[in-house]
Amino acid sequence: MNKSFRLIFTLLTLFFSVKPSVAQKLKIGMLTVLPSTKVIFTPLAGNYKVWLDATLLNSEGVADVFQLSLDGDSIEVKSFERNVGKCKKIVFEAQLKEGSFKLKSIIPEAKVKVYDNDLEVSSLQNGLRLINKVNIENYIAGVVQSEAGGHSTAEYYKLQAILCRTYALSNLRKHEADSFNLCDQVHCQAYKGKSENPSILSAVHETSGLVIVDDDMNLISAAFSSNCGGQTVNSEDVWTLTASYLRGVKDTFCLRMPNARWQKKIPRSDWLSYLYLKQKYPVDDSIRYKEALSFPQTKGREQFFADKDLKIPLKTIRSDWQLKSTYFSLEQQNDTILLNGRGYGHGVGLCQEGAMHMAQMGTSYKDIINFYYTKVHLVDLTVLNFLKED
Ligand SMILES: [Zn+2]
Ligand SMILES: [Zn+2]
């Protein structure tokens, strides 16, 4: 296979395996933690066509407020003036591409949220299944707003938009069993609805359709953590997956950022009994007893605590003691164990605080991506669509 043919072939393979498209609407599960049994839908911009099961309520589209309540295995639908009826599924379809609506959960009570595009509601045993059918770029803007907050630089928003888009498109099947693509929680990506932040909206627009692929043209798993403490980690050191693009790099950009350092104190007796009881660590051996009280992690990141024969993974210690990272040194101070730690999070992939600092110093999102991910490429999804039309 010659090189350009191979490239087209791999692009086609990528397209048909993922089926991404910039015009595509994603189905996002909303309020998934505690399902609502009563909600109010209020259109904000544009008219909405309303479908009760297969019946269209108004072909012109309506701009009415609707109350939806779970009633047995059906949904009871009321508009402002009247009882509309019952159905298993109700769809609010925006007639304009900038259509948006408010959703208020009454039971359980929750804050009003604003969403772009369409709403689909169906009845489940324990509540209403609420799905936001949303244009992918609107969804990305909402996720960037939730993940990066409202006060970053334009360049950082562009970077975050590309990461969120890459993640979304490589996880379209994550909630297949729930009949939607992704949920609105951190489990997928935090999404609290429509973004109205002008710099986020323009960052999403300017990077529209851009995703990150590896050398084989597969969408990457765009892992990131808050602060790597100065050294990112190979993926296989934390997870079992070895990814060619998730290689450890030395990072000086995050060293003065808010999550660069942490400290924790543990009573010495608690620490020793944890090692002995939970990790079968031989604390009665005098050499190993000393090693248990001194662990300088100063020459880069380690994977295991103290004695390599015992192989106590640092990630186990991190989760057992709820530490911010595995990148810590440990020493004894009288009856206390002092942990001096660096960074926050698993440390694989992009370091958010390092990337933020790089963006503040004027580094481009392309250079930031190439710094944290090894041998990756930025690809425009419209190229893939063009190939499909051919
Ligand atoms: Zn999820
Ligand atoms: Zn870092």
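The values are calculated or read from the model by the stated rules, or taken from the named source; none is laboratory data. Worth saying up front: this structure is predicted, and the values here are computed from it rather than measured. Cβ placement follows ideal geometry from the backbone for every residue including glycine, while neighbour counts extend to all protein chains displayed. To get the accessible areas, we keep the full protein, side chains included, count just its heavy atoms, and leave off ligands, DNA and RNA. Shrake-Rupley method; radii C 1.70, N 1.55, O 1.52, S 1.80 Å.
Taking the stretch 46-61 as the region of interest, how many residues are outside any loop (DSSP other than H, G, I, E, B) and open to solvent by 30 Å² or more (accessible area, probe 1.4 Å)? Break it down stepwise before answering.
So in the stretch 46-61, the residues outside any loop (DSSP other than H, G, I, E, B) come out as 48-52, 55-56.
Within this subset, residues satisfying the condition of being open to solvent by 30 Å² or more (accessible area, probe 1.4 Å) are 49, 51, 55-56.
Number of matching residues: 4.
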When the stretch 289-300 is checked residue by residue, the ones that are open to solvent by 40 Å² or more (accessible area, probe 1.4 Å), at pLDDT 90 or above and under 37 Å from the mean Cα position of the chain (by Cα) are Ser294, Pro296
Among the candidates Ala168, Ala161, Ala94, Ala141, single out the residue that is surrounded by 20 or more Cβ atoms within 10 Å (Cβ to Cβ) and within 16 Å of ligand 1 (Cβ to nearest atom).
Ala168
So which of Asn126, Asn132 is closer than 22 Å to Ala177 by Cβ and outside any strand (DSSP E or B)?
Asn126
Given the structure, is Ser286 open to solvent by 80 Å² or more (accessible area, probe 1.4 Å) and among the small types (Gly, Ala, Ser)?
yes
Looking only at the stretch 234-263, filter to residues that are under 13 Å from Ser325 (Cα atoms) and at pLDDT 95 or above; which one of those is nearest to ligand 1 (Cβ to nearest atom)?
Asn259
Unmet criterion (only one of (1) at pLDDT below 75; (2) in a loop (DSSP other than H, G, I, E, B); (3) open to solvent by less than 50 Å² (accessible area, probe 1.4 Å)) for Asp64:
(1)
Pick from the stretch 219-230, criterion under 22 Å from Arg165 (Cβ atoms) and open to solvent by less than 20 Å² (accessible area, probe 1.4 Å), ranking: farthest from ligand 2 (Cβ to nearest atom)
Ile220
Failed condition for Asn259, given (1) open to solvent by less than 80 Å² (accessible area, probe 1.4 Å); (2) away from ligand 2 (no atom under 12 Å from the Cβ), with all others met?
(2)
Answer yes if at least one residue in the stretch 28-45 is open to solvent by 20 Å² or more (accessible area, probe 1.4 Å), more than 16 Å from ligand 1 (Cβ to nearest atom), within 25 Å of Cys188 (Cβ to Cβ) and under 27 Å from the mean Cα position of the chain (by Cα), and no otherwise.
yes
Please work out which residue is modelled with the lowest pLDDT, limiting yourself to the stretch 347-390 and to residues that are open to solvent by 10 Å² or more (accessible area, probe 1.4 Å) and of a type in the set (Ser, Thr, Tyr).
Thr382
Quick check: is even one residue across the stretch 213-227 free of Cβ contacts under 8 Å to residues at least 40 places away in the same chain and within 16 Å of ligand 1 (Cβ to nearest atom)?
no
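Mind counting the residues in the stretch 242-290 that are in a helix (DSSP H, G or I) and of a type in the set (A, V, I, L, M, F, W, C)? Before you say what the answer is, go through the steps one by one.
Filtering the stretch 242-290 down to residues in a helix (DSSP H, G or I) leaves 268-279, 286-290.
Cutting the leftovers down to of a type in the set (A, V, I, L, M, F, W, C) gives us 271-272, 275, 277, 287.
Result for the stretch 242-290: 5.
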Considering the stretch 178-195 alone, what residues qualify as being charged (D, E, K, R) and buried (at least 20 other Cβ atoms within 10 Å of the Cβ)?
Asp184, Lys194
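Among Thr363, Thr316, which is free of Cβ contacts under 8 Å to residues at least 40 places away in the same chain, touching a helix residue (DSSP H, G or I) at 6+ places or on another chain (Cβ under 9 Å) and either assigned to a loop (DSSP other than H, G, I, E, B) or at negative phi (or both)? Give the steps one after another, and end with the answer.
Details: Thr363 fails: free of Cβ contacts under 8 Å to residues at least 40 places away in the same chain.
Residue meeting the stated conditions: Thr316.
For (1) farther than 26 Å from Thr382 by Cβ; (2) touching a helix residue (DSSP H, G or I) at 6+ places or on another chain (Cβ under 7 Å); (3) β-branched (Val, Ile, Thr), each residue gets a yes or a no:
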residue	(1), (2), (3)
Ala141	no, yes, no
Gly150	yes, no, no
Leu163	no, no, no
Asn171	no, no, no
His187	yes, no, no
Ala190	yes, yes, no
Gly193	yes, yes, no
Restricting to the stretch 231-247, name every residue that is open to solvent by 10 Å² or more (accessible area, probe 1.4 Å) and more than 16 Å from Lys315 (Cα to Cα).
Thr242, Ser244, Tyr245, Arg247
Considering only the stretch 70-89, I want to know if a residue exists there that is out of contact with any Pro (no Cβ under 9 Å at 6 or more places or on another chain) and under 17 Å from Ile28 (Cβ atoms).
yes
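Filter the stretch 68-85 down to residues that are polar (S, T, N, Q) and open to solvent by 60 Å² or more (accessible area, probe 1.4 Å), then give me how many there are.
Here is the first cut: in the stretch 68-85, the residues polar (S, T, N, Q) are 69, 74, 79, 83.
Remaining after also requiring open to solvent by 60 Å² or more (accessible area, probe 1.4 Å): 83.
Residues meeting the conditions: 1.
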